[in-house]
Ligand SMILES: Nc1ncnc2c1ncn2[C@@H]1O[C@H](COP(=O)(O)OP(=O)(O)O)[C@@H](O)[C@H]1O
Ligand SMILES: [Mg+2]
């Protein structure tokens, strides 16, 4: 895999600042445990929809080239937390965060940061495959075109992105067909190819398999494992087996209910996946993973 994607990691989130690809290229060659700095550092994060606090006091680090799973019962704030990582929640009127998220040493919510650049660097794949009503080719080429990617290199970029998303062999002879002609699992891999095409360093996935059959699900899980050589992945899943199968670290969230009956999402436990599933420290985690709750 080339270092071009990793090189993007080092560029500042504010547009126009200088890039230092050589630094990150060297970093990419070092073993995982050696890579020092977290990709995201979340500190004392509260998230509000208007006056409603949906999550509170979240502190956690997300590590490079790992898959981090967010699990927990419905409504505990998994999607909300995930959307904080690429400022997708900014699009919701009245929503705001308190606390801090650092992304590669930069304040993600800093006043000089360009949220459009954030969403290019930190891509997102949703629960239901949502290809554009365009051809397979144009779905992948869409983002790069908007970013002014050279026309004469586009076909190569589309092929590379489809290859990385493990879809190329299935679609190479029908690139001009509508994306809707694909199966659900193929559409989801197309959405992953579309996310990859703009060269993000992080891919956020919100229950990416929940609309897929078991075979398509396994295919996406295999793909995620391949992709983590290059990308940092954060996945929300309600499927604990999936979290156990694919992730390196797991965060368990739940909804706390205060004495007024108001629910608020909290991070109960965050650890290496094997540890969290075999020797959880918190009883609430234990109850959840053993099916006594949730
Ligand atoms: N756009 C929104 N406006 C107001 N409240 C929301 C919005 N989205 C989610 N919520 C609320 O925030 C809480 C967490 O939701 P969510 O992050 O979707 O949970 P999960 O993904 O864990 O099921 C829930 O109480 C939900 O109703
Ligand atoms: Mg959700």
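The values are calculated or read from the model by the stated rules, or taken from the named source; none is laboratory data. Just so we're clear, the structure is a prediction, and the values are computed from it rather than from any experiment. Glycine gets a Cβ as well: all are built from the backbone with ideal geometry, and neighbour counts include every protein chain shown.
Given the structure, is residue 138 more than 16 Å from ligand 2 (Cβ to nearest atom), within 25 Å of residue 226 (Cα to Cα) and surrounded by fewer than 17 Cβ atoms within 10 Å (Cβ to Cβ)? Can you show your working first?
Details: more than 16 Å from ligand 2 (Cβ to nearest atom): yes; within 25 Å of residue 226 (Cα to Cα): yes; surrounded by fewer than 17 Cβ atoms within 10 Å (Cβ to Cβ): no.
Against the criterion (more than 16 Å from ligand 2 (Cβ to nearest atom), within 25 Å of residue 226 (Cα to Cα) and surrounded by fewer than 17 Cβ atoms within 10 Å (Cβ to Cβ)), residue 138 does not qualify.
Looking only at segment 233-249, how many residues end up being part of a strand (DSSP E or B) and more than 16 Å from ligand 2 (Cβ to nearest atom)?
Taking segment 233-249 first, the residues part of a strand (DSSP E or B) are 233-236, 249.
After this cut, where a residue has to be more than 16 Å from ligand 2 (Cβ to nearest atom) as well, the list is 233, 249.
The total comes to 2.
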Item to check | Extreme residue, farthest from ligand 1 (Cβ to nearest atom), among residues of segment 63-76 that are in contact with a helix residue (DSSP H, G or I) (Cβ under 7 Å, 6 or more places away or on another chain) and not in a loop (DSSP other than H, G, I, E, B) | outcome: 67
Checklist outcome for this item: Checking 284, 263 in turn, the sole residue that is within 16 Å of ligand 2 (Cβ to nearest atom) and more than 19 Å from residue 62 (Cα to Cα) turns out to be 263
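Hey, among the residues in segment 191-227 that are part of a loop (DSSP other than H, G, I, E, B) and within 16 Å of ligand 1 (Cβ to nearest atom), which one's surrounded by the fewest Cβ atoms within 10 Å (Cβ to Cβ)?
The initial filter retains those residues of segment 191-227 that are part of a loop (DSSP other than H, G, I, E, B), namely 198-201, 207-213.
Within this subset, residues satisfying the condition of being within 16 Å of ligand 1 (Cβ to nearest atom) are 207-211.
Details: 207: 20, 208: 29, 209: 24, 210: 14, 211: 16.
If we take residues in segment 191-227 being part of a loop (DSSP other than H, G, I, E, B) and within 16 Å of ligand 1 (Cβ to nearest atom), then 210 is surrounded by the fewest Cβ atoms within 10 Å (Cβ to Cβ).
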Item to check | helices (runs of 4 or more DSSP H) lying entirely in segment 77-190 (those with 2 or more residues that are more than 25 Å from residue 217 (Cα to Cα) and either in contact with a helix residue (DSSP H, G or I) (Cβ under 8 Å, 6 or more places away or on another chain) or more than 16 Å from ligand 1 (Cβ to nearest atom) (or both)) | outcome: 115-121, 136-146, 154-164
Next on the checklist: Scan segment 257-273 and tell me whether some residue there is over 30 Å from residue 158 (Cβ atoms) and in a helix (DSSP H, G or I).
Outcome noted: yes
Checklist entry - Going by the structure shown, is residue 60 more than 9 Å from ligand 1 (Cβ to nearest atom), under 22 Å from residue 242 (Cβ atoms), touching a strand residue (DSSP E or B) at 6+ places or on another chain (Cβ under 8 Å) and in a strand (DSSP E or B)? => result yes
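Report yes if residue 240 is under 19 Å from residue 127 (Cβ atoms), in contact with a strand residue (DSSP E or B) (Cβ under 7 Å, 6 or more places away or on another chain) and within 16 Å of ligand 1 (Cβ to nearest atom), otherwise no.
On the way: under 19 Å from residue 127 (Cβ atoms): yes; in contact with a strand residue (DSSP E or B) (Cβ under 7 Å, 6 or more places away or on another chain): yes; within 16 Å of ligand 1 (Cβ to nearest atom): yes.
Spelling it out, residue 240 is indeed under 19 Å from residue 127 (Cβ atoms), in contact with a strand residue (DSSP E or B) (Cβ under 7 Å, 6 or more places away or on another chain) and within 16 Å of ligand 1 (Cβ to nearest atom).
For (1) touching a residue at least 40 places away in the same chain (Cβ under 8 Å); (2) within 20 Å of the chain's Cα centre (by Cα), each residue gets a yes or a no:
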| residue | (1), (2) |
| --- | --- |
| 241 | no, yes |
| 248 | yes, yes |
| 260 | no, no |
| 273 | yes, yes |
| 286 | no, no |
| 289 | yes, no |
Item to check | Residue that is nearest to ligand 1 (Cβ to nearest atom), among those in segment 247-266 that are crowded, with 21+ Cβ neighbours inside 10 Å and over 15 Å from residue 75 (Cβ atoms) | outcome: 251
Next on the checklist: Taking the criterion of being at pLDDT 95 or above, away from ligand 2 (no atom under 16 Å from the Cβ), surrounded by 20 or more Cβ atoms within 10 Å (Cβ to Cβ) and within 25 Å of residue 183 (Cβ to Cβ), would at least one residue in segment 107-114 satisfy it?
Outcome noted: no
Next on the checklist: Condition first: part of a helix (DSSP H, G or I) and closer than 17 Å to residue 70 by Cβ. Now tell me which residues in segment 275-294 satisfy that.
Outcome noted: 275, 276, 277, 284, 285, 288, 289
